[in-house]
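The structure under discussion appears below in the form of structure tokens.
The values are calculated or read from the model by the stated rules, or taken from the named source; none is laboratory data. Here the structure is a predicted model, which is why all the values come from computation and not from measurement. Cβ placement follows ideal geometry from the backbone for every residue including glycine, while neighbour counts extend to all protein chains displayed. When the accessible area is computed, the model is the full protein with side chains, heavy atoms only, and any ligands, DNA or RNA have been set aside. Shrake-Rupley method; radii C 1.70, N 1.55, O 1.52, S 1.80 Å.
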Amino acid sequence: MTFSVYILQSETTGRFYVGQTKSLQERVNYHNANYSRSLKNRGPWKLLYHEEYASRTEAVKREIQIKRQKNRRFIEDLVGASR
């Protein structure tokens with residue numbers, strides 16, 4: 001089983017969201033269905049970027065690393081480098 005670290009961008013506000021999951025498409029659908037309290041009414045969300053990891057531990061470490069940057073430019077550069 002693989003785990004994903006992902007970056008979403010709100011199509012209405014332009015804000016980014018970083019998360020991790022074992023089922024990427026289900027998670028994106030969950031966010032777009034407004035079930036997530038923290039993201040409710042901030043979508044629709046577009047998947048911009050994702051990385052695959054063999055374990056949840058690795059995925060969580062990477063998620064935390066990205067979130068600690070607290071830097072929009074870092075995320076934009078990360079997403080831009082993947083294209």
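Structure notes:
- Residues satisfying the stated conditions in segment 28-51, i.e. surrounded by 12 or more Cβ atoms within 10 Å (Cβ to Cβ), not hydrophobic (A, V, I, L, M, F, W, C) and not in a loop (DSSP other than H, G, I, E, B): 29, 30, 31, 32, 46, 49, 50, 51
- Number of the condition not met by residue 69 [criteria: (1) open to solvent by less than 90 Å² (accessible area, probe 1.4 Å); (2) under 13 Å from the mean Cα position of the chain (by Cα)]: (2)
- Criterion (of a type in the set (Lys, Arg) and at pLDDT below 95) met by exactly one of 62, 56, 83: 83
- Condition check for residue 62: in contact with an Asp or Glu (Cβ under 9 Å, 6 or more places away or on another chain) and either under 16 Å from residue 24 (Cβ atoms) or polar (S, T, N, Q) (or both): yes
- Which listed residue, of 75, 64, is loosely packed, with under 14 Cβ neighbours inside 10 Å and either among the hydroxyl-bearing types (Ser, Thr, Tyr) or within 13 Å of the chain's Cα centre (by Cα) (or both): 64
- Failed item in (1) touching a residue at least 40 places away in the same chain (Cβ under 8 Å); (2) open to solvent by 40 Å² or more (accessible area, probe 1.4 Å); (3) not basic (Lys, Arg), with residue 3 passing the rest: (2)
- Tabulated pairs, segment 61-83, first farther than 17 Å from residue 15 by Cβ, second surrounded by 13 or more Cβ atoms within 10 Å (Cβ to Cβ) and modelled with pLDDT of 85 or more, C-beta under 6 angstrom, 6+ apart or interchain: 62/5; 82/49
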